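Some notes on the structure that comes next.
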Amino acid sequence: MSEFTRERLNYLPLKDWFSDLPEPRVTMQQRRSRDPYFTAIQQNILRLKHHIRTIQEEEYELLTRYCKHLENEANAENKPRDKDSERARLNFLEQLAQVRKSRKQYRALLFDAITQRNNMIEAAEIRADEAKAVDAQLWSLGRHKEVDYFLFFVFALQLLAMLLIIIFFEFNVTTNSELRKNAFVTPVAGRGGPAASPYQYYIDSALMLFAGFGFLGTFVKKYQFSGLAYGFLIAAFAMQWVIVWTGFFQQESDPAPLQRTFLSIPHLQTAVYGATAVAISCGAVLGRLDPLQLALMAVAETFFFALNLFVCESLSEGYKDGNVTGRWYEDFYAQFQGRVDPGGGMLVHMFGCYFGLALSWWFRPAKTESADQRDDRDEKTDYPSNMYAFFGTALLFVLFPSFNAAFAYSSNGGQQRVIANTVFALVASIVGAFATSKCAIQSGNKFGPLEIHHATLAGGVAIASTSIYFLPAAAAMTIGFIVGVLSTACYLYLTPALKRFMRLADTAGVHSLHGVPALVGAFVSTIVVAIADSIFESTEARNAELSDSVTELNSNINGTVSIGYTYSIKPVDLWYTDGSEHAVNHLFVLLVTFFLALIAGCLTGGFIKFFAWVTKTGVPEEDQYQDKTTFHVPEDYVGEIGRAHV
């Protein structure tokens, strides 16, 4: 607002002129803000305008009545006396003067309120301009610590990852005999054939990581830029370090270390799985860490992710395939996961969830705040942000079967069964989530969008363990429906309780979406694996009965009748041991993954907290869950007075 405009607004005749004007019937678009004083002024302006329109309607009715009175006098046979007409005219003028006086008084009040609102808007714009000027000065002086630290450490870590990949990885194969010896490029070879090409699985899994989890993190209305952009940045950063760390542990376990490793599609798929675990952990601390802290978290978590794979694989030596040796040994990680945990229920979802929760404990809200203050932060949603999150949920639903089946064992239709059971579990969990959301106590018999798009995918997580090879469709749907109900209930009741009593903030509800379903699926999988031999024997006996019946029918009718058989996977072919022995190994993988995730999350959180204290970086609590702290935001950003419009 210019000085000339300010002088005009403060000029008394202008106020008198404004007070005499009528109020328009159509209201202008109103500015909105979180400032309570500004909101009160806005509401006062709206009430004044409404009252002025009521007075104007009263004035119009008064004029209409008097005009009708004059018309009746003109048409009357007996003309009224002049004295009566004059009395009626004076009475009308007196009432009209009172009405117009009242309108003028309220218009004067409206003028003052609008002037005060405009002054607040101008002050906010001046403060914003001053903040930009200060940031520019800090940048020119080289004292913008957050940006400097981010540039230095992220560039350094990126250059280090590139250097390690250049030194220890390559594409070409030196001899044709070695290539033929290690002919397979994915762990999904065998009788029955894979359901899709390895690259197709990688495309689906990468789209699930970058787009699905990215849009799922946009549900916070003032953190949509950051939720999506940081998802791209950290996922791309984490994929490189997964390849580095898995290659490092491969060198440790290789009898001939310090060899260059051949890169292949399983490397990329493993990198996607590791980056997915990082994305899950980011959901637990969404809005509370800056980009540098997220990058440091990604490097540390990918290290522990590879360490967890290495520990679980080293203590399960019976899974090693003799054909996978030397420089192609990296494919064993894919074989190990495909046989033990094909969809990453434990190795990805459980690890990422409890790593993130343990790290989130270091960044919990201040103890001095009351529960009401903590609930009134900026981690709120609005209509557009929920729509974007639903889009991410839909992407995850469509791509989840490929994510679970990428490393699945394909012999005897194992990969097809993984895909089908994942779909059955997902559709059942959607129904369970909607039903639970509808009947929740605080829902008021209405659906809640947050619990819907945080719990509808629980079935895909719960069914991701190795039991997926042996479960029939009905069992997969039952598990999906149960975890859909359980996950929604946990999001509605357990997550707020953890925040209220333990100050453990779980922004994206990863405990209800990934942690609880992964635990349920892991324990169910342990039971199913223990009886896997019995399941295989009963399936083979049923197939034998069908074969005998078909043979007898063909001999009686002198014809040829064919019938489909149920594919069954022999446990010893899958795990190189029987089901009861593998159940112990499966339970061991569960416990190691769970406790290693908690310990690693605590160590990483403590380091990042100490690093932020030393470098004076991080996000202050008053600036959390807001894009404006690290992004140039547009004019319609809902953040400051005068910066957003309805």
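Taken together, the values in this text are just the output of simple stated rules run on the coordinates, not laboratory data. Treat the numbers as computed from the prediction; the structure is a model and nothing was measured. All Cβ positions, even for glycine, are placed from backbone atoms using ideal geometry, and neighbour counts span all protein chains on display.
Given a Förster distance of 60 Å, report the FRET efficiency between residue 446 and residue 90 from their Cβ-Cβ distance, rounded to the nearest 0.05.
Working: r = 60 Å, r/R0 = 1.00.
It comes to 0.50.
How much length, in nm to one decimal, is gained on full extension between residue 387 and residue 62, taken as 0.36 nm per residue of separation minus their Cα-Cα distance?
Numbers: separation 325, 0.36 × 325 = 117.00 nm, distance 5.06 nm.
Contour length minus Cα-Cα distance gives 111.9 nm.
Which of the residue pairs 104/222; 222/609; 49/446 have a Cα-Cα distance greater than 32 Å in the structure shown? Could the numbers behind the result be given before it?
Values: 104/222 41 Å; 222/609 24 Å; 49/446 35 Å.
Going by Cα-Cα distance, 104/222; 49/446 fall outside the 32 Å limit.
Based on the Cβ-Cβ distance of residue 123 and residue 534, what FRET efficiency does E = 1/(1 + (r/R0)^6) give at R0 = 56 Å, to the nearest 0.05?
Details: r = 76 Å, r/R0 = 1.36.
Calculated transfer efficiency: 0.15.
Could you give the length gained by full extension between residue 581 and residue 132, i.e. 0.36 nm per residue of separation minus their alpha carbon distance, to one decimal place?
155.2 nm
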